[in-house]
């Protein structure tokens, strides 16, 4: 099933508020141009560089909405500190698979589980409510540009 991009969020420095952009350039081996992890300024830049999956994070708008409904909170997508907000696609199904967004190709590496840092920002309920739902870490296999509304297309077979 294909999905779409609801929002693209970046910030230049760890701890800065993420801002929405209409288009972004994804660079293989680096991340989203202008983002804190592209600039090696993210909170976990050193630790994630060793793992090799710091380039892009995605989260489903449906999971954010379900979290807000269950907890009676009203967090915005940017509050979850992920780069790409998706709609209509199960990100967990992209682990170990390539997928395309416009001319960019990405590879889903692992779940982007909630952490103590995010719990410190959003409260402890994030830990229990968002396990296995807090998004996907991906690497860029082929550079390209993305924009709001772009279609996310899973490749046919797992890599």
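Work out the FRET efficiency for residue 110 and residue 71 from their Cβ-Cβ distance, taking R0 = 22 Å, and round it to the nearest 0.05. Given R0 = 22 Å and the Cβ-Cβ separation, E is 0.30. Provide the FRET efficiency to the nearest 0.05 for the residue 14-residue 97 pair, computing r from the beta carbons and using R0 = 35 Å. Between residue 14 and residue 97 the formula returns 0.75.
Model label points for residue 62 and residue 87, set 7 angstrom from Cα along the Cα-to-Cβ axis, are 1.3 nm apart.
Here, each number is a calculation from the coordinates, and none is a lab measurement. In this text, all values refer to a predicted model and were calculated from it rather than measured experimentally. FYI the Cβ positions are ideal-geometry reconstructions off the backbone, even for glycines, and counts take in every protein chain you see.
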